[in-house]
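Just below is one structure, and these are the notes that go with it.
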Amino acid sequence: MATDTTQQSLSDWDNRHFLHPWEGMEDLGKNSRTFITGGQGIYVTTTDGQRLIDGPGGMWCVQLGYGNAEIAEAIAQQAKELGYFSPFSNTSPVSARLAHELARRAPGDLNHVFFTTGGSTAVDTALRFIHFRNNLLDKPRKKVVITRRKAYHGSTYLSASVSDTERTRVWFDQDHENVCFLPDVNPVRRRAGVSVEAFLNEKVADLENAILTLGADRVAAFIAEPILASGGVIVPPEGYHKRCLEVCRRHDVLYISDEVVTGFGRLGHWFASEPEFDIVPDIIICAKGLTCGYVPMGACIISDRLIADISGDKSKGAVFSGGFTYSGHPVAAAAALKTIEIFERDGILEHVRNVTPLFAERLATLGKLPIVNSTRGKGLVGCVECGDNSLAIDQKVGAQIDRRCQELGLILRPIVNMCVFSPPLIITADEINKMFDILERGIRIA
Ligand code: PLP
């Protein structure tokens with residue numbers, strides 16, 4: 001094994017051999033990515049010893065921060081006890097316990113947990129489950145999934161097909177035969193003179209019209225993130241999800257709530273659907289914060305109602321032929337159980353609710369800066385959108401602010417002309433002030 005770990009060799013290996021997610025092909029092999037070597041609390045450290053606040057919380061996932069010894073210990077303990085066993089015909093105590101703990105916390109009758117390796121595979125599973133269910137119910141035509149512009153649901157073939165990132169649209173083939181996209185739901189983008197209430201009515205009507213146009217006998221499901229996260233932290237008008245669910249119920253269309261980002265405390269609750277948006281969907285997708293990002297895991301949580309009419313006597317002997325080698329992986333389940341235990345013991349959900357007003361107030365004041373067009377957020381997730389509406393400036397401004405902020409001690413997630421942040425949920429009021437102080441300076445000098 002190569003033992004030469006000088007910075008130069010690491011950079012060479014990273015450039016030559018590590019094909020990163022969303023890799024820009026033009027710069028392939030020429031990148032100078034910062035190496036993150038460690039982390040503690042809300043901070044990460046770089047190879048040259050710089051200590052940075054991790055604004056995006058990893059990738060919206062490190063809810064309890066870095067260096068959590070209890071989670072590390074739970075992972076190590078489980079690996080020593082039972083590092084893996086096949087979930088196909090046997091099970092393990094930790095995964096059974098985790099399924100129970102998730103079902104207890106999920107809204108309504110969402111009691112069946114299918115474990116996956118992450119968010120994309122959980123979305124994939126939900127869509128395949130719906131195909132399977134409708135085939136079993138003799139509704140083979142009912143397969144169309146309605147999604148929304150700017151949605152991001154993952155990087156597998158199916159989850160990418162219901163996503164709408166420009167780069168995927170332009171450079172990949174997507175299966176759009178059974179996918180329908182609704183227009184942007186960003187209230188900031190509503191036409192001049194249109195009230196938020198009128199905009200909301202229009203967006204709900206978009207969904208109902210799409211179902212009526214396609215025919216309810218063809219539409220299987222509507223998939224939505226409670227807040228469109230990677231699409232730019234788009235918070236829909238109040239009442240949007242509840243009214244969309246009512247539309248779905250009227251037309252026998254299932255509602256999938258993708259809570260990969262918004263679940264596990266990001267909005268101050270276990271799940272965003274309830275109580276935040278006051279809905280009980282048919283399926284909830286979660287991942288990321290479920291294990292605090294320490295090991296990969298996702299979950300597709302399905303309601304009793306959806307299972308009842310295709311199981312037992314009604315199953316026609318069918319097998320849900322979906323499953324991963326690592327479904328319910330014991331080590332990941334141990335990390336998730338410890339995460340849940342710490343959330344409860346340390347009152348993390350209450351903490352998020354307590355610091356949210358300060359986060360919202362500091363976010364709103366950024367809106368007064370000259371280059372900021374809009375600020376958006378909910379719970380501990382925020383976005384500043386900048387630029388002057390000229391392509392040349394807007395394309396670069398997010399990366400420029402991120403660079404400036406990194407010099408000052410804060411990492412952000414730049415997305416074109418936006419900077420997005422979702423810090424670890426353990427962030428204190430003082431640390432929130434520090435993060436926004438840096439962000440404000442970074443925007444001013446960008
Ligand atoms: N769904 C949402 C809302 C996401 O934001 C993401 C990832 O960012 C995914 C699904 C995909 O999750 P993963 O990257 O774990 O596959």
Residues satisfying the stated conditions in the range 52-83, i.e. away from the ligand (no atom under 16 Å from the Cβ), in a loop (DSSP other than H, G, I, E, B) and surrounded by 13 or more Cβ atoms within 10 Å (Cβ to Cβ): LEU64, GLY65, GLY67, ASN68
Out of the range 157-180, which residues are buried (at least 19 other Cβ atoms within 10 Å of the Cβ) and either touching a helix residue (DSSP H, G or I) at 6+ places or on another chain (Cβ under 6 Å) or in a strand (DSSP E or B) (or both)? LEU158, SER159, ALA160, VAL179, CYS180
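If only one of ALA224, ALA216, ALA210, ALA220 is small (Gly, Ala, Ser) and either within 19 Å of the chain's Cα centre (by Cα) or within 16 Å of the ligand (Cβ to nearest atom) (or both), which one is it?
On the way: ALA216 fails: either within 19 Å of the chain's Cα centre (by Cα) or within 16 Å of the ligand (Cβ to nearest atom) (or both); ALA210 fails: either within 19 Å of the chain's Cα centre (by Cα) or within 16 Å of the ligand (Cβ to nearest atom) (or both); ALA220 fails: either within 19 Å of the chain's Cα centre (by Cα) or within 16 Å of the ligand (Cβ to nearest atom) (or both).
Exactly one of ALA224, ALA216, ALA210, ALA220 is small (Gly, Ala, Ser) and either within 19 Å of the chain's Cα centre (by Cα) or within 16 Å of the ligand (Cβ to nearest atom) (or both), namely ALA224.
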Matching residues in the range 4-51 - criterion: being open to solvent by 100 Å² or more (accessible area, probe 1.4 Å) and basic (Lys, Arg): ARG16, LYS30, ARG51
Of the residues in the range 249-267, how many are touching a Pro at 6+ places or on another chain (Cβ under 9 Å), more than 11 Å from the ligand (Cβ to nearest atom) and within 25 Å of ASP217 (Cβ to Cβ)? 2
So for the range 110-126 (the condition being modelled with pLDDT under 95, over 30 Å from THR375 (Cβ atoms) and not in a loop (DSSP other than H, G, I, E, B)), does at least one residue qualify? no
Only one residue in ALA205, ALA151 is within 16 Å of the ligand (Cβ to nearest atom) and at negative phi. Which one? ALA151
Could you list, in sequence order, the residues of the range 114-148 that are more than 16 Å from the ligand (Cβ to nearest atom) and more than 29 Å from LYS203 (Cβ to Cβ)? PHE132, ASN135, LEU136, LEU137, ASP138, PRO140
Extreme residue, most open to solvent (accessible area, probe 1.4 Å), among residues of the range 385-415 that are of a type in the set (S, T, N, Q) and part of a helix (DSSP H, G or I): GLN395
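Residues checked against (1) open to solvent by less than 60 Å² (accessible area, probe 1.4 Å); (2) outside any helix (DSSP H, G or I); (3) polar (S, T, N, Q):
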{"position": "GLY289", "(1), (2), (3)": "yes, no, no"}
{"position": "ILE302", "(1), (2), (3)": "yes, yes, no"}
{"position": "ASP313", "(1), (2), (3)": "no, no, no"}
{"position": "CYS383", "(1), (2), (3)": "yes, yes, no"}
Among the listed residues ALA318, ALA360, which satisfies the condition of being open to solvent by 10 Å² or more (accessible area, probe 1.4 Å), among the hydrophobic types (A, V, I, L, M, F, W, C) and touching a strand residue (DSSP E or B) at 6+ places or on another chain (Cβ under 7 Å)? ALA360
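The values are calculated or read from the model by the stated rules, or taken from the named source; none is laboratory data. Keep in mind that what you see is a predicted model, and the values were worked out from it rather than measured. Methodologically, a virtual Cβ is constructed for each residue, glycine included, from the backbone with ideal geometry; neighbour enumeration extends over all protein chains shown. SASA here: full protein model, heavy atoms, side chains in, ligands and nucleic acids out. Shrake-Rupley method; radii C 1.70, N 1.55, O 1.52, S 1.80 Å.
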